[in-house]
Amino acid sequence: MSSNIKLSLPELVAEAFPVLKDATYIRSFAPLCVLYQDTEFHLFQSPGRDFLRSFILVATDYSDPLDQSYELKNLTGSYEFEFTHIITPYKNKEFIEIRQHDDMADYDIRSLDGRWCYYVAEATYKPDWT
């Protein structure tokens, strides 16, 4: 089934993360009760060899993949999306492993006005039927 919902990506993001060009936008996740929204999660999926691959585009004013992975897991309820790897910008096939207390570098890009930073994480999830 094809999704009729389209997400218009900024050109900066589309160029930095070409893996999203072939992926289908599924939905967004964001906290319900916030005064100032600081992080948005956008779910994309694309066919892999034997299964669907899930990617999360994160738009945030601060970049902390480990903390944001926990936040997303809480937001998604029974699906429990969780980051496994960060996709290196401009290098579609290079991944950065997420590790606690690790100083990760070169995994995100900033918007031209400097307000938002973006990164893409490959994610796993627990399907609703399990």
Boolean, Leu9 is at pLDDT 80 or above and farther than 15 Å from Ala123 by Cβ: yes
Wholly within the stretch 53-128, strands (runs of 3 or more DSSP E) carrying at least 1 residues that are in contact with a strand residue (DSSP E or B) (Cβ under 9 Å, 6 or more places away or on another chain) and without any contact (Cβ under 8 Å) to a residue 12 or more places away in the chain: 95-97
Some residue of the stretch 112-130 being modelled with pLDDT under 85, surrounded by 13 or more Cβ atoms within 10 Å (Cβ to Cβ) and more than 21 Å from Ser8 (Cα to Cα): yes
Selected residue (criterion: modelled with the highest pLDDT) from residues of the stretch 58-111 that are surrounded by fewer than 16 Cβ atoms within 10 Å (Cβ to Cβ) and basic (Lys, Arg): Arg110
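The values are calculated or read from the model by the stated rules, or taken from the named source; none is laboratory data. These numbers were taken from a predicted model, which means no experiment stands behind them. Here the Cβ is made from the backbone with ideal geometry for all residues, glycine too, and neighbour counts use every protein chain on show.
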